[in-house]
1. So in the range 1-54, with the set limited to residues that are touching a Gly at 6+ places or on another chain (Cβ under 9 Å), assigned to a strand (DSSP E or B) and small (Gly, Ala, Ser), which one is farthest from Ala142 (Cα to Cα)?
2. Every residue in the range 108-131 that is surrounded by 13 or more Cβ atoms within 10 Å (Cβ to Cβ) and not in a helix (DSSP H, G or I), please.
3. Could you list all residues from the range 210-255 that are assigned to a loop (DSSP other than H, G, I, E, B) and touching an Asp or Glu at 6+ places or on another chain (Cβ under 7 Å)?
4. Would you pick out the residues in the range 188-209 that are modelled with pLDDT of 95 or more, surrounded by fewer than 19 Cβ atoms within 10 Å (Cβ to Cβ) and either part of a helix (DSSP H, G or I) or not aliphatic (A, V, I, L, M) (or both)?
5. Pairs, please: C-beta under 9 Å, at least 6 apart or cross-chain, first residue closer than 12 Å to Lys60 by Cα and in the range 320-337, second in a loop (DSSP other than H, G, I, E, B) and at pLDDT below 85?
6. When the residues of the range 74-101 are filtered to those that are assigned to a strand (DSSP E or B) and touching a helix residue (DSSP H, G or I) at 6+ places or on another chain (Cβ under 7 Å), which remaining residue is surrounded by the fewest Cβ atoms within 10 Å (Cβ to Cβ)?
7. Any residue at all in the range 256-267 that's at pLDDT 90 or above and in a loop (DSSP other than H, G, I, E, B)?
8. Starting from residues that are modelled with pLDDT of 95 or more and among the hydroxyl-bearing types (Ser, Thr, Tyr), keep the ones in the range 281-323 and report whichever is nearest to Phe47 (Cα to Cα).
Amino acid sequence: MGHRKYSSPRRGSLAFYPRVRAKSEEARLRNWPQHNDNTSLLGFAGFKAGQIQVMTIDDKEKTPNFGKQLDNPSTVIATPPVNIIGMRCYRKDVYGEKAFIDAYSKDLPKGLERKFKTKYNEKSFETIESSFDLISSFFAIASVFPNKANLAQKKPFVFEIGVSGKDNKTKYEYLKGILGKEIKISDVFQTGQVIDVSGITRGKGIEGPITRFGVKRKQHKSRKSVRALGTLGPISPAVVMYSVPRQGQRGFHQRTEYNKRILLVSSDGSSQAASLSSKASINPPGGFKHFGVVTTDYIVVRGSIPGVPKRLVKMRQPIRNTTKKVIEPKVIEVIAK
């Protein structure tokens, strides 16, 4: 700040500290919404494909554009079926929730041994049934294979998905019923609802404070350096505070986008887009750049989502309160260029 006479607001947000590289290319969901009205899975996973334009009619009342055409920049997410390979139980102690026991299905998909080896054990289910009082929560253990979305990777992703229900017994019976089965995107999400999307952003490498925090360049001839900070802090304490904008990693961070509306859901080749016109093909000529042609189930989400093409993204039911009822959007045209 040099010899300025007036103070200025800090540059860059401290909300996402520390800005370091993510530990994995797979996002980690730590919180799940509490839904007791019906029993179902609370999340899903897919692979980012690319961007398209979707023409819709604005159905949001009390807005200037209500009833008019809207051009929505949207993202296509390829969503091959998810295999439910097991369930995981947690129990609480004074230190928080800890994994209690895992129970796996008899019918495990081929290729799962590339990730880890496990087998069916009937005693696990007996232990769960006799320990309902100790168990605090149930989660589904799911796997998704990238090669089902026309990607080269054969090694599957394995992750947990939250389950909604009235009580532990209801959740247990539901999970036991879907063990070893494939769940499609249409079984979890519906057109018009909002979801939360989590992913790892595009990595930018090491960047200076100008691009990393939006710090202003210094005035011409004010100092020898132009793209460096004017000051690192006061003379006392004689340390550089963590909040001072410095150079470092930019990008490849885990980020969550809240309340993204689903415009289209495709399952078994039956989608709204297919019934519109011949121009409504979801794939641009030659396929999506850096991804290829989407041949599996997919969803179209309004707006952008974090990550690069082919990267795994995780979706869940909205964790923030949404009072809006689910209204199916009126899609006029899908433009894939």
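The values are calculated or read from the model by the stated rules, or taken from the named source; none is laboratory data. Model, not experiment: these values are computed from the prediction. Glycine also receives a Cβ, built like all others from the backbone with ideal geometry; neighbour counts cover every protein chain displayed.
1. Gly50
2. Leu108, Pro109, Gly111, Lys115, Thr118, Tyr120, Asn121, Ser131
3. To start, the set of residues in the range 210-255 that are assigned to a loop (DSSP other than H, G, I, E, B) comprises 214-247, 251-253.
Answer for the range 210-255, where residues must be assigned to a loop (DSSP other than H, G, I, E, B) and touching an Asp or Glu at 6+ places or on another chain (Cβ under 7 Å): just Gln247.
4. Scanning the range 188-209 gives Thr201, Arg202, Gly203, Lys204, Gly205, Glu207, Gly208.
5. Between residues of the range 320-337 that are closer than 12 Å to Lys60 by Cα and residues that are in a loop (DSSP other than H, G, I, E, B) and at pLDDT below 85, the close pairs are Glu328/Gln272; Pro329/Gln272.
6. Start the filter on the range 74-101 by keeping residues that are assigned to a strand (DSSP E or B), which leaves 74-78, 82-93, 96-101.
Remaining after also requiring touching a helix residue (DSSP H, G or I) at 6+ places or on another chain (Cβ under 7 Å): 78, 84-85, 87, 89, 101.
Working: Ala78: 30, Ile84: 21, Ile85: 23, Met87: 26, Cys89: 24, Ile101: 18.
The qualifying residue surrounded by the fewest Cβ atoms within 10 Å (Cβ to Cβ) is Ile101.
7. Just the residues of the range 256-267 that are at pLDDT 90 or above, to begin with: 256-265.
Okay, now just the ones that are also in a loop (DSSP other than H, G, I, E, B), so none.
Checked the range 256-267: no residue is at pLDDT 90 or above and in a loop (DSSP other than H, G, I, E, B).
8. Going through the qualifying residues, I end up with Tyr298.
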